[in-house]
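Step one of this worksheet: look at the structure below.
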Amino acid sequence: LAELEIKDWIVSIKKDIEFELNKRYYYNGKKFQEIDIFFPEYKIGIEYHGIYWHCDLNKNDDYHKRKYLFFKEKGIELIQIFENEWINNPEIVKSIIRTKLGLIENKIQARKCIIKEIDNTTYQIFCEMNHIQGYGIAKIRLGLYYNDELVQIMSFSKSRFNKKYDWENIRTCTKLNTIVVGGFSKLLNHFKNTYIG
């Protein structure tokens, strides 16, 4: 099973990590919600979704959102991994898990980085290598550079769905297995100050 494969990988990089498999939280009597892998020390759960059992034919449209919110109310962050993501982008999924569990050693301070607008090709390649959803068309593309290396991006376009807002954040991601401390705020503030005023 893929969830056991994920568990074994996590144990291989942190041998003393505590975990529980198929952790159940009961509500309304006999009903319960279950987490495939739960890490009590971190208050983080990992749920693996097979494509067949978690497609629209077998689950309600808001099933995954409701499950996420159910555990959020209990102070647990639920990482939901879909079968196609684990098969097609395992390194991106692993980087996300490492970040959530605090197992990233490569940390960069945003104050040591500079912001540049980036061309669409650079942006597309970075997204495809580092974002679980891949490339997303964007009008404004910002990059954070550390020693001339692109380490984080943030992109925006005019809002497509919610007319209450002028702009929409299309993609934000960091180079695999890297944390840019303060990077999100630095990029967002630059966008606000430069394009919104």
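The values are calculated or read from the model by the stated rules, or taken from the named source; none is laboratory data. Note that the structure is a prediction, hence the values are computed from the model and not measured. Don't worry about glycine lacking a Cβ; one is built from the backbone with ideal geometry, like all the others, and counts go over all protein chains shown. Heavy atoms of the whole protein, side chains included, go into the accessibility calculation; ligands, DNA and RNA do not. Shrake-Rupley method; radii C 1.70, N 1.55, O 1.52, S 1.80 Å.
Expressed as a whole percent, the accessible area of the chain that falls on carbon and sulfur atoms is 48 (1.4 Å probe). A quarter of the convex hull surface defined by the alpha-carbon atoms of segment 40-197 gives 11.1 nm² as the mean projection. Taking GluC sites (Glu not before Pro) that fall in a DSSP loop and have at most 12 other Cβ atoms within 10 Å as cut points, what is the longest piece of the chain between them? The reported range is 106-197. Kirkwood radius and radius of gyration were both taken over the C-alpha atoms of segment 119-178, and their ratio Rg/Rh is 1.00.
Looking at the chain, the accessible area is 61 square angstrom per residue; that uses a 1.4 Å probe and ignores ligands, DNA and RNA. Note on segment 1-123: Cα-Cα pairs beyond 23 Å make up 42% of the total pair count.
Summed over qualifying helices (DSSP H, 4 residues or more, each -39500 (n - 2.57)) and divided by its residue number, the chain shows a 222 nm mean residue ellipticity of -9000 deg cm²/dmol.
Amide H contacts of Gln152 (H built 1.01 Å from N, in plane; Pro and chain starts excluded): Leu144, Lys175 sit under 5 Å, all sequence-distant by 5 or more or on other chains. Over segment 63-197, Cα pairs under 8 Å with separation of 6+ residues give a relative contact order of 23 percent. Taking every DSSP bridge with both residues inside the chain, close to 75 percent are antiparallel. Annotation for segment 1-42 versus segment 96-144: alpha-carbon center distance of 29 Å.
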